[in-house]
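The values are calculated or read from the model by the stated rules, or taken from the named source; none is laboratory data. Computed from a predicted model, the values in this text were never measured in an experiment. As a convention, Cβ positions derive from the backbone with ideal geometry for all residues, glycine included, and neighbour counts pool all protein chains shown. To get the accessible areas, we keep the full protein, side chains included, count just its heavy atoms, and leave off ligands, DNA and RNA. Shrake-Rupley method; radii C 1.70, N 1.55, O 1.52, S 1.80 Å.
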Amino acid sequence: MRRIVLDTNCLLQALPSRSPYHKIWNNKFVDCAVAVDAEYIVTNDTHFNILKQIDWPRLTVIDTKEFTRQLEY
């Protein structure tokens, strides 16, 4: 497995679905979370809710409002 760091500029170029670089954008956050054994993915993107229905990777999906609440404790 290769270990890389993408600059935000690369991600912005990969964001549009018609971009030739769009495949960089797909699944990057889940891959990153699994690689670092994260407990949470913080997102408001409902596409990540699929992670609540599968056994692996075991990640808790929370939105930014809930995450902010947790930071207050």
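When the stretch 32-44 is filtered for residues that are outside any loop (DSSP other than H, G, I, E, B) and exposed (fewer than 13 other Cβ atoms within 10 Å of the Cβ), the ones remaining, listed by number, are 32, 35. When the stretch 9-26 is filtered for residues that are in a helix (DSSP H, G or I) and open to solvent by less than 90 Å² (accessible area, probe 1.4 Å), the ones remaining, listed by number, are 9, 10, 11, 14, 22, 24, 25.
Conditions tested, residue by residue: (1) of a type in the set (Ser, Thr, Tyr); (2) over 24 Å from residue 66 (Cβ atoms); (3) in contact (Cβ under 8 Å) with a residue 24 or more places away in the chain.
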{"site": "8", "(1), (2), (3)": "yes, yes, no"}
{"site": "12", "(1), (2), (3)": "no, yes, no"}
{"site": "16", "(1), (2), (3)": "no, yes, no"}
{"site": "19", "(1), (2), (3)": "yes, yes, no"}
{"site": "22", "(1), (2), (3)": "no, yes, no"}
{"site": "37", "(1), (2), (3)": "no, no, no"}
{"site": "45", "(1), (2), (3)": "no, no, no"}
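One residue stands out in the stretch 45-57 among those that are in a loop (DSSP other than H, G, I, E, B) and surrounded by 10 or more Cβ atoms within 10 Å (Cβ to Cβ): the one that is modelled with the highest pLDDT, namely 45. Considering (1) loosely packed, with under 13 Cβ neighbours inside 10 Å; (2) touching a helix residue (DSSP H, G or I) at 6+ places or on another chain (Cβ under 9 Å); (3) in a helix (DSSP H, G or I); (4) of a type outside the set (S, T, N, Q), the lone condition that residue 29 does not fulfil carries the number (1).
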